[in-house]
Amino acid sequence: MAATQYEIVHEVLDLAGARWTVEVLSVLRSGRRRFNEIAREVSGISQKQLTLTLRTLQRDGFATRAAFATIPPRVEYELTALGLEFANSVRPLGAFAVRNRDSIEAARRAFDGPAE
């Protein structure tokens, strides 16, 4: 059974909202990277979480993985054209969040009321 357009939108927004997706996309926007390079550039991500994030990006067609039979083995990741479009699409949302952080926090404080 085919997914509805709303289900597809929900899936993509879930991916964009996942804890590490946007940071990994940001690193890969500048080109092909080795696994350990990505890990160094995404502060605080565990190896397991980076692996899961990269696999999700691969599964959805946003990234490719190239393994090289060297000693030690070398693995590189790169955004596909679809992945680059996705990365470019979430950038304005990130800019909005940064630009409006103070207003959002003020609204939350006003809504939550005075601290007890």
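Where a number appears in this text, it was derived from the coordinates with a stated rule and is not lab data. On a predicted model such as this, the values are computed, not experimentally measured, just so you know. Cβ: placed from backbone, ideal geometry, glycine included. Neighbour counts: every protein chain shown.
Residue by residue, segment 15-21 carries 3J(HN,Hα) couplings of 5, 5, x, 5, 3, 10, 4 Hz when phi is fed to the Karplus relation 6.51 cos²θ - 1.76 cosθ + 1.60 (θ = phi - 60°); x denotes Gly or Pro. Please identify, among 38, 104, 71, the residue showing maximal mean-square fluctuation in a Gaussian network model of the chain using a 10 angstrom Cα cutoff. Highest fluctuation among the options: 71. Think of each Lys and Arg Cβ as +1 and each Asp and Glu Cβ as -1; about the Cα centre, that makes the dipole of the chain roughly 480 debye. Within the listed set 24, 42, 75, the residue fluctuating most in the Gaussian network model of the chain (springs between alpha-carbon atoms under 10 angstrom) is 75. Against the main long axis of the alpha-carbon atoms of the chain, helix 47-59 sits at an angle near 80°. Considering helices alone, the calculated mean residue ellipticity of the chain at 222 nm is -19500 deg cm²/dmol, with DSSP H runs of length four and up weighted by -39500 (n - 2.57) and normalised per residue.
In sequence order, segment 27-35 has phi-based couplings of 5, 6, 4, 8, x, 4, 9, 6, 3 Hz under the Karplus curve 6.51 cos²θ - 1.76 cosθ + 1.60, θ = phi - 60°, and Gly or Pro positions carry x.
Working note: Cα atoms of segment 40-116, range along each principal axis, descending, whole Å: 60, 29, 19.
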